[in-house]
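> Quick one: this structure, given as structure tokens, is what I'll be asking you about.
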Amino acid sequence: MKIAVIGTGYVGLVTGIGFAEKGNQVICVDNNQVKLDVLRSGKSPIWEKGLDELIVKNSDSGNIVFTDDLQYAVEESEIIFLCLPTPPREDGSADLSYVITVSKEIARHIKEYRIIVNKSTVPVGSTEIVRNHLLEYNKDCNFDVVSNPEFLKEGNAVLDFMEPERVVIGTSSNQARQKLVELYLPFVQNENQILLMDEKSSELTKYAANSFLATKITFINQIADLCELNNADVELVAKGIGLDSRIGSKFLKAGIGYGGSCFPKDVSALINYSDGIGYDFSILKEVQAENTRRKIKPIHKLVELYGDDFSSLKFGVWGLAFKPETDDVREAPSAYIIRELMDKKAKSVLAFDPVAMDSFREFANLEDEYKSRIDFVSSQYEVLDDIDVLIICTEWDEFRNADRAILADKLKGKVVFDGRNIWRPEEMLELGIKYYSVGR
């Protein structure tokens, strides 16, 4: 099929590459010339396994092109996917301005039937909003608007797209439904994985999925608190409940909270939407508040050890991305922890991440003064030079498999705060390290 993908961010680029890989003709549209130049050179502007190779392969075959010409894309494509940013406003609601602006532009160029697919994460009712704006700017255009939310995990997005657990299609149009089922059939093992529903149910499915997973993480983190108070081990508890098929083991890893763009943004948006229709989604409000508290939990333990003034202490941080296998630092616990260290006058902070140091410099929501006081070093072991405390924020395999002898030898202060439970407490005890983890 002939497909346009508007927006080459995380979702748009993976979506475009995924469809191209199955032999569709894909036009990816973006107004960022720097990003387009990177893509045309065969590189991915985001760090995601396998993307660079697939960009080169499908560009060379002609299955995908990158352009800023929206009119060309609309005129040449049967199906148009909106993969645009929906950033949170100050009140937590999703900002639809990018979606609305592009919808107006698309309307001007529609000359025959088109299917417009909302793949951006949007609030309930957004399909109708897009439909109304299309008609406002071209009352004679022939189109359907469909909700088709993404369920991609950063670090595994390409595989998630190529082998989805489910595909959700929300539309009341038989014509659009049949076309999208045909498009997605090559991606699923059987047609039962394609779930057909109305537009609002589809939109809510996306928010419900991410909010439930965020709630699951928050639950096991609070169980971890109980474990610490009772000398129990949260990892054993998680295994004990995770083997129950009704619960499942995924997202039961205790730590210093979730980050990234999806969970924080989607939880906020669902709370805001619920408030707007007069419903108090109280459990999600507590999930949101608890996750914010959780991110700086290591700081509370440091205060117990050293008091409220860190001016004599040097800190090392392993991991800046919100999780491994990505360079995404949005809402990462590392930024919250580093800000608290700076607020308490830490003497210095050395930091290392295998892929996220550049994005941390650019996107971490830290004051410039604080960023200037962080030294980004070239290896995990260089972080250990003359520091008093090591804080682990991301569970990269490089850290999990680190040479313990080097750790014990170089770490002057012999104190580790492991926010991701990557090591065994008994092993650290044998090395003479004061080791603090989560729920153990």
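Quick note: the coordinates plus some simple rules give every number you see, no bench work behind them. What you are looking at is a predicted structure, and each value in this text was computed from that prediction instead of being measured. We place every Cβ from the backbone using ideal geometry, glycine too, and count neighbours over all the protein chains shown.
> Please identify every one of the GluC sites (Glu not before Pro) in the range 164-200 that sits in a loop by DSSP and has no more than 15 other beta carbons within 10 Å of its own beta carbon.
Glu165
> Turning to a different aspect of this structure: So I have [x] 55.3, 228; [y] 23.6, 75; [z] 20.9, 64, and one of them is Rg and Dmax of the Cα atoms in Å calculated from this model. Which one is it?
[y]
> When the chain is fully extended, how far beyond the present Cα-Cα distance does Lys104 get from Lys285, taking 0.36 nm per residue of separation?
That pair, Lys104 and Lys285, stretches by 61.7 nm at full extension.
> May I ask you to list the lysines whose Cα is less than 22 Å away from that of Lys412, ignoring any residue fewer than eight positions away on the same chain?
Reachable lysines: Lys301, Lys314, Lys344, Lys345, Lys347, Lys434.
> Next question. What distance in nm lies between label points placed 7 Å from Cα along the C-beta direction at Glu362 and Gln33?
Taking the two extended label points, one gets 1.8 nm.
> Right, here's the next one. How big is the C-alpha Rg of the range 207-292 next to the rule-of-thumb value 2.2 N^0.38 Å, as a ratio?
In units of the globular-protein estimate, the range 207-292 measures up at 1.16.
> Let me have the relative contact order for the range 30-139, percent, based on Cα pairs under 8 Å that are six or more residues apart.
Answer for the range 30-139 is 23 percent.
> Turning to a different aspect of this structure: Which aspartates and glutamates, if any, have their Cα less than 14 Å from the Cα of Lys206, not counting same-chain residues under 8 positions apart?
Glu150, Glu165, Asp198, Asp266
> Using DSSP to call loops (not H, G, I, E or B), can you name the trypsin sites (Lys or Arg not before Pro) in the range 299-367 whose Cβ has at most 12 other Cβ atoms within 10 angstrom?
The qualifying sites are Lys345.
> Cross-link candidates for Lys323: which aspartates and glutamates have Cα within less than 12 Å, leaving aside residues fewer than 8 places away along the same chain?
The reachable aspartates and glutamates, counting only those whose Cα sits under 12 Å from Lys323, are Glu154, Glu331, Asp353, Glu395, Asp397.
> So between Ser97 and Val377, what do we pick up on full extension, going 0.36 nm a residue minus the alpha carbon distance?
Contour length minus the Cα-Cα distance gives 96.9 nm.
> Something else: Beyond 22 Å between alpha-carbons counts as too far, so tell me which of Lys49/Lys153; Lys35/Lys265; Lys371/Lys410 fall in that bin.
Lys35/Lys265; Lys371/Lys410
> Enumerate the calculated ³J(HN,Hα) couplings along the range 225-239 in order (Karplus 6.51 cos²θ - 1.76 cosθ + 1.60, θ = phi - 60°), each rounded to whole Hz, writing x wherever the residue is Gly or Pro.
Values, residue by residue: 4, 4, 4, 5, 6, 10, 6, 10, 10, 5, 5, 5, 4, 4, 5 Hz.
> Can you list which of the GluC sites (Glu not before Pro) found in the range 21-123 are DSSP loop residues with at most 15 other C-beta atoms within 10 Å?
Glu90, Glu112
> Which FRET efficiency, nearest 0.05, do Asn230 and Glu163 yield, Cβ-Cβ r, R0 45 Å?
0.65
> What shape does the range 296-436 take by its C-alpha gyration tensor, where a ≥ b ≥ c are the square roots of the eigenvalues and a/c under 1.5 counts as rounded, a/b above b/c as prolate, and the rest as oblate?
oblate
> Using modelled backbone amide H atoms (1.01 Å from N, in-plane), which distant-in-sequence or interchain residues come within less than 5 Å of Val317's amide H?
Hits under the 5 Å cutoff: Leu350, Ala351, Phe352, Ile391.
> Still on this structure, please answer the following. Roughly how many whole Å is it from the C-alpha centroid of the range 93-159 to that of the range 402-422?
Rounded to whole Å, the Cα centres lie 49 Å apart.
> If you don't mind, another one. Give me the Kirkwood hydrodynamic radius of the range 3-80, using the inverse of the mean 1/r over all pairs of distinct Cα atoms, in Å to one decimal.
Kirkwood radius, the range 3-80: 12.0 Å.
> How many percent of DSSP beta bridges within the chain run antiparallel, rounded to 5?
Here the share of antiparallel DSSP bridges comes out near 5 percent.
> Rounded to the nearest 500, what is the 222 nm mean residue ellipticity of the chain from helices alone, with -39500 (n - 2.57) per DSSP H run of 4+ residues and division by all residues?
-13500 deg cm²/dmol
> Relative to the longest principal axis of the C-alpha atoms of the chain, give the angle of the C-alpha long axis of helix 174-184, reported between 0 and 90° and rounded to the nearest 10°.
Long axis of 174-184 versus the principal axis of the chain: about 50 degrees.
> Once the Cβ-Cβ distance between Glu90 and Ile277 is put in as r, and R0 is 25 Å, what FRET efficiency do you end up with, to the nearest 0.05?
0.80
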